[in-house]
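The values are calculated or read from the model by the stated rules, or taken from the named source; none is laboratory data. Because the structure is a prediction, the values reported are computed rather than measured. Neighbour counts are summed over all protein chains in view; Cβ atoms, including those assigned to glycine, are modelled from backbone coordinates with ideal geometry. For accessibility, only protein heavy atoms count, side chains too; no ligands or nucleic acids. Shrake-Rupley method; radii C 1.70, N 1.55, O 1.52, S 1.80 Å.
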Amino acid sequence: MKFGIVGTNFISELFMEAANELGEIEVVSVCSKKVENANDFARKFEIANVYETYQEMCKSNTIQAVYLAVPNSLHYELSIYFLKHKIPVLCEKPLASNDREVKKMVECARKNNSYLQDGIMPLYTENFKKTKKALAKLGKLRRGVIVYGKYSSRYKDYLDGMNPTTFRRELSTGSIMDLGVYAISIAIGLFGKPKSIHASGILLESGVDGLGTIIFSYDSFELVILHSKVTDTLIKTEIQGENGNIYIDPLNHFNDVYFINCETKKKEQISEEAMGGMIWELKEFLHCVKAGKIQSDKVPHQLSIDIHEILTECRKQIGVVFPSDNF
């Protein structure tokens, strides 16, 4: 399948590595607002065609699918454009700035019979599937702590007044949109939507959150989500049941998942040796597009809507408001 890439940051390089390893994808075109970046990327990965605008790339008839690795605030605009032109879209996480945009993207995919896939990588992995099946080992669920925190390499730039993209409200960024979205997606993917949520966070002067805490309440258990872009953590994700606990590390890949029985203290490995998470994502994309589908089997559109309804509500409670929001 011939792909075009819009955006040339580090995640685009991960896409290239996964595509090359998979062997069923040929990246033939690349586009960036800064054409010099696109040229550098094309030289590095031997890509034939370079475009300054995504419209030029779309109309060139060189691509059969597109991967969008642009700022969050542009996900909606670009996805809608390619979907209307019948180009299957793999859009990086978060799928859009808010749930209203996600619902319009899904509507556009259905109206144009075009494939739209949410790039929330861990939900596509075989180890995520194994983890969900292994929840039965826990017995009655009681508590979970889902943790994803990294001290951003760009935080010092922010503190020095350099205004990096990582902490800019107009680009729909911040901790919850970058890392919290993983935790929220995994929580909903494993347990469904909660009965109620409570979100708090520490806001930066730029108007986005640096870190936050979210509590999901279910019928018989509660789930605590900790996310941060301004601190590091060694805390592992832990799901607690009356029969034992499941541990997950790291959250974005599910490479190491195991169960510890609370009585015997024996450790049982759940995860297998993992392929790179993006390979699972691309395998799903190829399978579904070839089958003529408009949504992923593993991450259907309704799951993306559920994730973004919760994500948007959390931002409301925290006080993070983006230009595209209507609240």
In nm, what is the difference between 0.36 nm times the number of residues separating VAL321 and ASN20 and their Cα-Cα distance?
104.5 nm
Report, in listed order, any pair from LYS2/LYS44; LYS236/LYS265; LYS103/LYS132; LYS150/LYS266 with a Cα-Cα distance greater than 21 Å.
LYS103/LYS132; LYS150/LYS266
Only Lys, Arg, Asp and Glu count, each charged at its Cβ (+1, +1, -1, -1), so figure out the dipole size of the chain about its Cα centre, rounded to 20 debye.
760 debye
Would you grab the residues whose amide H sits under 5 Å from the one on VAL27? Only those 5+ places off in sequence or on another chain, please, with H modelled 1.01 Å from N.
PHE3
For THR237, other-chain or 5+-apart residues with amide H closer than 5 Å (H placed, Pro excluded) are VAL147, ILE248
Which ³J(HN,Hα) values, rounded to whole Hz and listed in residue order, are derived for the range 43-56 from phi using the Karplus coefficients 6.51, -1.76 and 1.60 in 6.51 cos²θ - 1.76 cosθ + 1.60 with θ = phi - 60°, glycine and proline given as x?
5, 4, 10, 6, 9, 6, 10, 10, 10, 8, 10, 5, 5, 4
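What chymotrypsin sites (Phe, Trp or Tyr not before Pro) does the range 71-170 have in DSSP loop regions with at most 14 other beta carbons within 10 Å?
Working: sites: TYR76, TYR81, PHE82, TYR115, TYR124, PHE128, TYR148, TYR151, TYR155, TYR158, PHE167; in loops: TYR115, TYR151.
Listed in order of number, the matching sites are TYR151.
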Through the Karplus equation 6.51 cos²θ - 1.76 cosθ + 1.60, θ set to phi - 60°, convert the phi angles of the range 106-113 into ³J(HN,Hα) values in whole Hz; use x for Gly and Pro.
5, 4, 5, 4, 5, 5, 9, 6
I'd like the carbon and sulfur percentage of the solvent accessible area for the range 1-90, probe radius 1.4 Å, heavy atoms only, ligands and nucleic acids excluded.
47 percent
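Using a 1.4 Å probe on the protein chains only, how many percent of the accessible area of the range 122-175 belongs to carbon and sulfur?
Summing carbon and sulfur atoms, their accessible area is 49 percent of the total for the range 122-175.
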Report the accessible area of MET275, computed with a 1.4 Å probe over the heavy atoms of all protein chains in place, in Å² rounded to the nearest 10.
70 Å²
Could you work out which residue, out of LYS156, LYS298, LYS129, moves most in a Gaussian network model of the chain, that is, has the largest mean-square fluctuation with Cα springs under 10 Å?
LYS156
Using a probe radius of 1.4 Å on heavy atoms only, what accessible surface per residue do you get for the chain? Whole Å² is fine.
44 Å²
Net charge within 13 Å of ASP99 by Cβ-Cβ distance, Lys/Arg positive one each and Asp/Glu negative one each, not counting ASP99 itself?
-1
Roughly what angle does helix 301-318 make with the longest principal axis of the chain, taking Cα atoms, 0 to 90 degrees, to the nearest 10?
70 degrees
In order through the range 87-95: 3J(HN,Hα) via Karplus (6.51 cos²θ - 1.76 cosθ + 1.60), integer Hz, x for Gly, Pro
9, x, 10, 10, 10, 4, 6, x, 4
